[in-house]
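What follows draws every value from the coordinates through simple rules; no lab data is involved. As the structure is a computational prediction, the values presented were derived from the model and not from experiment. Backbone-built Cβ (ideal geometry, glycine too); neighbour counts: all protein chains shown.
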Amino acid sequence: MLLRLLFVLLIALNIAVAAWLLLGDAGTPAMDPNDGGVPRLKLLAEVPAPPVTVAAPPTSATAATVARAATVAAPVAAPANPATTAPVAAKPIVPKPGADALADATNAPTSPRRSYRCLAIGPFPTQVDLRAARTAISPRTVRSRQRQEQTSESRGWRVFLPAQSTREQALAQARRLEGKGIKDYFVVTAPGEMQNSVALGLFHDPANARKRRDEVIAAGFPARMSERTETTPVWWLDVVVPEEAGPDIRKGIRTPGVAARTTGCF
């Protein structure tokens, strides 16, 4: 009985081995790594670099700013012992001028210092005369200005009898002059300091005025003599000229009575 059971088990075992041998190749076969259908394993070094986008060239001002920023931000090469030394920002390198540049700077011409003088030209009787003189000398002047002043101008000498209190007294004095044979007189009736005086003449030459006064005094009248003046406006031209141009300015003045004198600068 035991032998029969062992025989049956042996047969079953053989059947199982045969079936495994026959049916084992029907499973999924191993895939060849060189097969085109299998994705290939790539190392990180074999991966191609991403495409680089080239930016448009910056303007001169932007390029200068970027260059300065890049120069300042660029780190200095690390020393032999990076553990003890921290990275430092690099300073921009300023190129030293060459020998030619230094020679040009040393031999650059300097403008010589010039000296100037200030002149007052005048007086001009009218603004027309002043403008004509200003135009004539303008090429030799550095700057100029005009100003107006009031001046007293002599209009001759007058001989007269002092003013009386009333017009009747002045007329009575004139009749007495007539009785002494003194002619050429008139009684001033216009308002002012000479009202009710007796005018005996107006003279340009002071010698003639003194002669007339002495004649009337000799006749017994208190004749007087005074200069007649008028206040009139005159114009001056102040100029600043180079020192060497002063004589030319004086020679170029053609208006009668006008001269140039040294004055304070402005």
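Here residue 257 meets each of (1) loosely packed, with under 12 Cβ neighbours inside 10 Å; (2) within 60 Å of the chain's Cα centre (by Cα); (3) farther than 30 Å from residue 145 by Cα with one exception, condition (3).
Results for (1) within 30 Å of residue 136 (Cα to Cα); (2) of a type in the set (A, V, I, L, M); (3) buried (at least 16 other Cβ atoms within 10 Å of the Cβ), shown as yes or no for each residue.
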| residue | (1), (2), (3) |
| --- | --- |
| 168 | no, no, no |
| 176 | no, no, no |
| 181 | no, no, no |
| 216 | no, yes, yes |
| 244 | yes, no, no |
| 249 | yes, yes, yes |
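Apart from one condition, residue 160 fits all of (1) part of a helix (DSSP H, G or I); (2) surrounded by 17 or more Cβ atoms within 10 Å (Cβ to Cβ); the exception is (1). Of all residue pairs spaced 6 or more apart or on separate chains, those with beta-carbon atoms under 9 Å, a first member in the stretch 117-140 that is surrounded by fewer than 16 Cβ atoms within 10 Å (Cβ to Cβ) and a second member that is in a helix (DSSP H, G or I) are 140/245; 140/248; 140/249.
Is the stretch 177-188 home to any residue that is touching a Phe, Trp or Tyr at 6+ places or on another chain (Cβ under 9 Å) and more than 16 Å from residue 224 (Cβ to Cβ)? Scanning the stretch 177-188 turns up at least one residue that is touching a Phe, Trp or Tyr at 6+ places or on another chain (Cβ under 9 Å) and more than 16 Å from residue 224 (Cβ to Cβ).
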